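Undergrad: Before we start, here is the structure in question, set down as structure tokens.
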Amino acid sequence: MNMTTIILWTIQILLVPALAPLFIGVTRKIKARLQNRRGASVLQPYSDVWKLLHKDEVISRDASWIFRAAPYLIFATTLVIGASIPLFSTALANSLTGDFLVVVYLVALGTFLLALAGIDAGSALGGFGSSREMFVAALTEGGLILSLLTLALIGKTTNLAGIATAIGSVSFTSFTPIILAFISFSVAMLAETCRYPFDNPATHLELTMIHEAMILEYSGKRLALMEWASANKFLIFIAIGANLFFPHGIADSLALGPVLLGLALFAVKALLFAAAIAVIESSTAKLRIFRLPDLLFTSFVLSVIALGLVNV
Amino acid sequence: MAHFNSQTLLVFATIIFAASVFLHLTKKNTSAIRLYIVQSAAIAALLLASVEEFSPLLIVAIAATVAVKIFIAPYFFVNLTRRLDLKFSASTYMNTPMTLLVIAGLLALTQSDFFAPLSSLGRPGDRLLQLAFGTILISFLLSINRKGALSQILGILSLENGIVAFALFAGLEQSPGFQLGITFNILIWVVIATVFASMIFRKFGTLDVTRMRKLKD
Amino acid sequence: MDTLTSPTLFCLALACFATGALGALLLGKKDTAANVVGSVLAIAGAAIALIFSGAVLLEGTTQSFAADTSFPLISLSFSVDRLAAFFVLVISAVALLTSIYALGYVRHYYGKYSIGVLGCFYNIFIASMILVVTAHNALFFLIVWEIMSLASYFLVIYERREAASIRAGSLYFIMTHAGTAFIITAFLLMFREAGSFDFDAIHTGLATASPMTQSAIFVTALIGFGAKAGIIPLHIWLPSAHPAAPSHVSALMSGVMIKTGIFMLIRITLGLLPEVHLWWGLTVLVVGAVSSLLGVLYALSEHDLKRLLAYHSIENIGIILLGLGSALVFSSAGMNTLAALGLAAALFHTMNHATFKALLFLGAGSVIGATHTRNIEKYGGLIRLMPQTALFFLIGSMAISALPPLNGFFSEWLTFQSLFQGVTGFDVVTKLIFILSIGALAFTGGLAAACFVKAFGITFLARPRSNAASQAKETSPLLRLAMAAFALLIVGLGLFSGMVTRVLGEVAGDMAGLESAATPGSTPAGSAQFTTVSLLNGFAEISMPAVFAGIVTAFAAAALVFFLLTRQRTQAVAATWDCGTDLTPRMEITATGFSRSIITVMQGLMRPGSETEIEYHDANRYFPKTGTVNMGLNDIYRSFIYRPLQVITTTIAGYMRKLQSGNIHAYILYIFLTLIGLLAWLNFQS
């Protein structure tokens, strides 16, 4: 356990929380440009967090310890996930928490606590925000798990880093299931990160909120934590999408050269993903909530087809 | 069947069989009861003939059979008819020609290969078993066909006689306790049946089953 | 160790239960004494059974003992192999804790109903469940199965002045006996092949049975034991019977009684029948997938707390059947290693479900006892008034929603892993069924989480929605002690899942026909230690302690960092934003509203309906006084399955009635015709 390993591990653990607000900023910037505005700087989310940390908090008297503890727990789950997924080197894989089911269910844990926090303050809006969030989350699970399963069966392991290594060297015949699984995964990703067409992350209208409604009662540092955790989730899903479906270029050792290349390629791929998401968000309308199950079931069916095509 | 030869056996079997057929044709109570007495006497004679070894229990059993079937049961029936002034209802479901046709049909069945498993119990070419089995079937028909309650009782009793005759001719095991049991059974049954018949007559004024409408509705 | 695994200990446990039953009954007039005697002896019996079964499980040898009776065909023979020991362990652990709970909870019934009767039937119930899983003779098994059903029936109708309880009891009685009829058919089929009712003789006798007979035994056993387990569509008794019983009995019924059906299914398919056919495993998979999905969807629509939990039992039985089904499919293909994996997943989930379902029912019992209503819509804000109950209920909710790092997540992970193996290497139909089962399991997990956000959130969080909820008080320490023990068990099973998997792997290996593993701590399916569980040469690896440690560390780090960063900030407490109107409980989300969107999406399956009642001030119906909207589901099982069955049966009975003319001549004619018919048949036979 020499110095480089320790440094690289620290980077692995801190990369997601450090970079997440940047990618949120990039997405917002591209959306702004597409709307013919200049938009805020890409570093604006960092300023937002800073601002919120310097504000006092107001907590509802109907809220319980769940409201107070939830932001920390949700942020903690995003940290654990962020440290377990392959970001720039598969040598930093761990077989302890790197199973894709662990990642999916840690995300579910965060959603569970968020929904509870939404109900806790007893406001009219948090309750139905939680209802909608659980509605979308319940229907997304199928597509998400099955799309990652397709990759796992192609790569013959359920460990995320192992999948990344295997997909990097996969033959052309397995390409079709990977593409289908990717489409299914992207729908699930949009749902989980509360992007269009599922949710509007910038809305101020309660009738159109899902995620925003649940954090409506938060203020000060807890709101900062919630926003930051949401940004972390965004980057985590982008990282999974980039490094599992298109893992070419990820480092497979801890040597300096491959690691730097891995970091650079990760940044490029993530930026491309963020740009793609921004373009999708700008070109689709938010769907009516009862239209969302159609989209989610389509994602599920695509994964089923992809699984059927995997020949082992 | 040590003591009788096959001719005598055939005579008795014919008596039993004829009694059951004539039961269909009688129009009076008393003649029906007399036919039953004749049939039971034939059965008692057959039982005596079947005694292989002498044992007191067997004699007691046969004596009991004679007593019940020939004396006690007919006494009950005669009492019943006299007390209730029973006019024997001779009405039947099928008229007499049809009845005779069915009887003929049943007899044909007993002769045919249809009942080969049963007739194989006795010696081949033997008419005894067929006659006994014919008695059984015809007694069934009596119970089904006649509407009066008394003829049903007589039909069941004649059925029992036929079964005993069948068992005797087939050489099946006849333990004295067995006979005693059957006899006791018949005694009780006759008692109950007559009591029941008198109760029904008191309520409905008739023993004709088809006229008893109130209970059914 | 020998004393611990001796039959004496087993009989001692049964004797405790018997004494408890008798003692409670004799002390019937004195409430407190009856309760104490019944519960304490139940605790003692359960503790002894726990020690006994734990010892047998760890030691690994089968304990058999028998007492012959003078009746033919039946002998009181017991056989405790590892599978039975595991089930006895689960039963006695849950019974131990629910008896502790009962000590405090039964006070609700003092003066209202006979406590002696409750204690008596409670002890008989637990004893009969232990006997069911250890019986080794089919007739003896049927007798104790019937005793178990009857004891639970009397417990269901315990609150006999409630009409709903009696109705629930009658339905339960009919369904359990319909199931028993199928079980008897299965055993009779086995008897025909084996000539004896002893399980060993049946095992050897069935080795030469025709595939048709084997399949017939499988189908009748599945229907019969499935009715007890509560698979769809034989589940209609569960949602009414479990809520009608007292809460600690509901915990036992939901947590362990329905598992006895699963136990016998495992015993028959993997133990008694010589080989498994592929379509059996596929049937069980389909049944499991349907039960889990429909169970959780029906649970979502409930706003009676105990009915909601009862439907979740159906869902979890579906998940257990998914594991069992995959084990059967692999066993039919000869892949015994994977079969052991599937079976281990099913067994683990059995144990986990027993713990968290019992905890949830105990919590529900406390809440209902404090608020005197079962309607979730009347709860709210209980987390401030009943903080420990809320905490334990939260742990139970998180466990049942399969959230890491608790035990529910690990058993679902194992089930997933065993299902993953079925997607490759089989024909198209099997593959598709496996893929859809994985999809069903994935959706079930999400929907269960949604349901428990609703159940926990609306019960405990926000403001009270009624007077009853605002005046609730925390329950007595005994109740909280029992729930705390369950919560600890849940966390412990999650943390030590590696070691539990190793033991279960050996149990499953015995059943799936594997030779015992060469090295301890590893089975051919993989290796399981405290720190990691690794399956199938590294296909899947997980470390539950690491997940737990990771979350805890990250939480501590985040809390510390942010506390340090913001220690000069203040926190004010104020009212929730009320959009400018008064802040009333009517502003909060309702339970019906929470889940209505999911129900609406599935409306083809769920048939939601709503009834509106409006009371008017005046005769012209211009000014409404009150209005009620009742949103519920139309019961498709009653209308499409059970009602047609009933109509057919009554119609046939009506036709048969014409045969009963009341005319004696007709009856004698029937006898005559039957005689001729029999003779003719005899003729044709020879």
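Undergrad: Mind listing just one residue for me: the one in region C:584-602 that is part of a loop (DSSP other than H, G, I, E, B) and more than 7 Å from chain A (Cβ to nearest Cβ) and, of those, surrounded by the most Cβ atoms within 10 Å (Cβ to Cβ)?
TA: Here the residue is C:THR590.
Undergrad: Can you name every residue in region A:67-100 that is within 7 Å of chain C (Cβ to nearest Cβ) and out of contact with any Pro (no Cβ under 7 Å at 6 or more places or on another chain)? First the steps, then the outcome.
TA: The initial filter retains those residues of region A:67-100 that are within 7 Å of chain C (Cβ to nearest Cβ), namely A:72-73, A:75-77, A:79-80, A:95-97, A:99.
Within region A:67-100, A:TYR72, A:LEU73, A:PHE75, A:ALA76, A:THR77, A:VAL80, A:SER95, A:LEU96, A:THR97, A:ASP99 meet the criteria.
Undergrad: Does A:ALA224 fit the bill of being at the interface with another protein chain (Cβ under 10 Å from one of its Cβ atoms) and more than 26 Å from C:ILE438 (Cα to Cα)?
TA: yes
Undergrad: Name the residues in region C:136-178 that are in contact with a Leu (Cβ under 8 Å, 6 or more places away or on another chain) and part of a loop (DSSP other than H, G, I, E, B), would you?
TA: C:TYR158
Undergrad: Quick check on A:SER184: is it polar (S, T, N, Q) and more than 25 Å from C:ALA572 (Cβ to Cβ)?
TA: yes
Undergrad: Listed residues C:ARG374, C:ARG384; which is in the same structural domain as C:GLY255 (by TED's automatic domain parsing) and in contact with a strand residue (DSSP E or B) (Cβ under 7 Å, 6 or more places away or on another chain)?
TA: Answer to the check: C:ARG374.
Condition check ((1) crowded, with 24+ Cβ neighbours inside 10 Å; (2) modelled with pLDDT of 90 or more; (3) assigned to a helix (DSSP H, G or I); (4) within 11 Å of another protein chain (Cβ to nearest Cβ)) across all residues:
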| position | (1), (2), (3), (4) |
| --- | --- |
| A:ARG132 | no, yes, yes, yes |
| A:LEU139 | yes, yes, yes, yes |
| A:GLY143 | yes, yes, yes, yes |
| A:LEU151 | yes, yes, yes, no |
| A:ALA164 | yes, no, yes, no |
| A:PHE185 | yes, yes, yes, no |
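Undergrad: Among residues belonging to region A:2-58 that are among the polar types (S, T, N, Q) and more than 20 Å from the chain's Cα centre (by Cα), point out the one that is nearest to A:SER84 (Cα to Cα).
TA: Selected residue: A:THR10.
Undergrad: Let me ask something additional. Return the residues of region C:382-423 that are at the interface with chain A (Cβ under 7 Å from one of its Cβ atoms), farther than 18 Å from A:VAL102 by Cα and out of contact with any helix residue (DSSP H, G or I) (no Cβ under 6 Å at 6 or more places or on another chain); say none if nothing qualifies.
TA: Scanning region C:382-423 gives a single hit, C:ARG384.
Undergrad: Moving to a separate point now. Would you check if C:ALA485 is in a loop (DSSP other than H, G, I, E, B), more than 12 Å from chain A (Cβ to nearest Cβ), of a type outside the set (Val, Ile, Thr) and more than 23 Å from C:LEU83 (Cβ to Cβ)?
TA: no
Undergrad: Now for a different question. Taking A:PRO71 and the conditions (1) in contact (Cβ under 8 Å) with a residue 24 or more places away in the chain; (2) in contact with a strand residue (DSSP E or B) (Cβ under 8 Å, 6 or more places away or on another chain), which numbered condition does it fall short on, given that it satisfies the others?
TA: Failing condition for A:PRO71: (2).
Undergrad: Something else: Can you tell me which of C:ALA468, C:ALA449, C:ALA485 is within 20 Å of the chain's Cα centre (by Cα) and closer than 28 Å to C:THR576 by Cβ?
TA: Answer to the selection: C:ALA449.
Undergrad: Which members of region A:105-125 meet the condition of being more than 7 Å from chain C (Cβ to nearest Cβ) and in contact with a Leu (Cβ under 6 Å, 6 or more places away or on another chain)?
TA: Across region A:105-125, the qualifying residues are A:LEU113, A:LEU125.
Undergrad: Output the residues belonging to region C:283-334 that are under 17 Å from the mean Cα position of the chain (by Cα) and of a type in the set (Asp, Glu).
TA: Of everything in region C:283-334, just one residue is under 17 Å from the mean Cα position of the chain (by Cα) and of a type in the set (Asp, Glu), namely C:GLU315.
Undergrad: Does A:THR203 satisfy the criteria of being without any contact (Cβ under 8 Å) to a residue 60 or more places away in the chain, more than 15 Å from the chain's Cα centre (by Cα) and surrounded by fewer than 24 Cβ atoms within 10 Å (Cβ to Cβ)?
TA: Considered against the rule, which asks whether it is without any contact (Cβ under 8 Å) to a residue 60 or more places away in the chain, more than 15 Å from the chain's Cα centre (by Cα) and surrounded by fewer than 24 Cβ atoms within 10 Å (Cβ to Cβ), A:THR203 comes out as yes.
Undergrad: Take region B:3-52 and flag every residue that is of a type in the set (Phe, Trp, Tyr) and closer than 16 Å to B:LEU131 by Cα.
TA: Listed by number, the residues that qualify are B:PHE12, B:PHE17, B:PHE22.
Undergrad: Also, quick follow-up: Is there any pair with a first residue in region A:165-181 that is free of Cβ contacts under 8 Å to residues at least 40 places away in the same chain and a second that is assigned to a helix (DSSP H, G or I) and hydrophobic (A, V, I, L, M, F, W, C) whose Cβ atoms are under 8 Å apart and which are 6 or more apart or on different chains, and what are they?
TA: Taking only residues 6 or more apart or on different chains, the pairs are A:ALA166/A:ILE154; A:VAL170/A:ILE154; A:VAL170/A:ILE178.
Undergrad: So, one more: Tell me, which residue of region C:536-551 that is surrounded by 19 or more Cβ atoms within 10 Å (Cβ to Cβ), in contact (Cβ under 8 Å) with a residue 40 or more places away in the chain and assigned to a helix (DSSP H, G or I) is farthest from the other protein chains (Cβ to nearest Cβ)?
TA: Among them, the one singled out is C:MET544.
Undergrad: Within region C:552-583, count every residue that is facing chain A (nearest Cβ under 8 Å), out of contact with any strand residue (DSSP E or B) (no Cβ under 7 Å at 6 or more places or on another chain) and small (Gly, Ala, Ser).
TA: Result for region C:552-583: 4.
Undergrad: Within the bounds of region A:16-39, is there any residue that is surrounded by fewer than 16 Cβ atoms within 10 Å (Cβ to Cβ), among the aliphatic types (A, V, I, L, M) and over 21 Å from A:ALA242 (Cα atoms)?
TA: Among the residues of region A:16-39, at least one is surrounded by fewer than 16 Cβ atoms within 10 Å (Cβ to Cβ), among the aliphatic types (A, V, I, L, M) and over 21 Å from A:ALA242 (Cα atoms), which makes the answer yes.
Undergrad: Which of the residues spanning region A:41-64 are in contact with an Asp or Glu (Cβ under 9 Å, 6 or more places away or on another chain), more than 7 Å from chain C (Cβ to nearest Cβ) and not charged (D, E, K, R)?
TA: Hits for region A:41-64 are A:PRO45, A:VAL49, A:LEU52, A:ALA63.
Undergrad: Quick check: is even one residue across region C:351-364 modelled with pLDDT of 90 or more and either surrounded by fewer than 22 Cβ atoms within 10 Å (Cβ to Cβ) or farther than 30 Å from A:PHE67 by Cα (or both)?
TA: Scanning region C:351-364, I find at least one residue that is modelled with pLDDT of 90 or more and either surrounded by fewer than 22 Cβ atoms within 10 Å (Cβ to Cβ) or farther than 30 Å from A:PHE67 by Cα (or both), so the answer is yes.
Undergrad: Okay, next question. Could you tell me whether any residue of region C:59-67 is within 26 Å of C:TYR153 (Cα to Cα), assigned to a helix (DSSP H, G or I) and either among the charged types (D, E, K, R) or in contact (Cβ under 8 Å) with a residue 24 or more places away in the chain (or both)?
TA: Checked region C:59-67: no residue is within 26 Å of C:TYR153 (Cα to Cα), assigned to a helix (DSSP H, G or I) and either among the charged types (D, E, K, R) or in contact (Cβ under 8 Å) with a residue 24 or more places away in the chain (or both).
Undergrad: Looking at the structure I just gave you, is A:LEU223 under 28 Å from A:ASP48 (Cα atoms) and either touching a His at 6+ places or on another chain (Cβ under 7 Å) or in contact (Cβ under 8 Å) with a residue 12 or more places away in the chain (or both)?
TA: yes
Undergrad: Name the helices (runs of 4 or more DSSP H) wholly within region C:245-362 that hold at least 1 residues that are touching a Cys at 6+ places or on another chain (Cβ under 9 Å)? Spell out how you get there, then give the answer.
TA: Values: elements: C:247-252, C:258-266, C:278-300, C:305-332.
Result: C:278-300, C:305-332.
Undergrad: From the list C:ALA455, C:ALA440, C:ALA450, exactly one residue is facing another protein chain (nearest Cβ under 7 Å), among the small types (Gly, Ala, Ser) and part of a helix (DSSP H, G or I). Which is it?
TA: Exactly one of C:ALA455, C:ALA440, C:ALA450 is facing another protein chain (nearest Cβ under 7 Å), among the small types (Gly, Ala, Ser) and part of a helix (DSSP H, G or I), namely C:ALA450.
The values are calculated or read from the model by the stated rules, or taken from the named source; none is laboratory data. Values in this document were obtained by computation on a predicted structure and should not be read as measured data. Cβ atoms come from the backbone with ideal geometry, glycine included; neighbour counts cover every protein chain shown.
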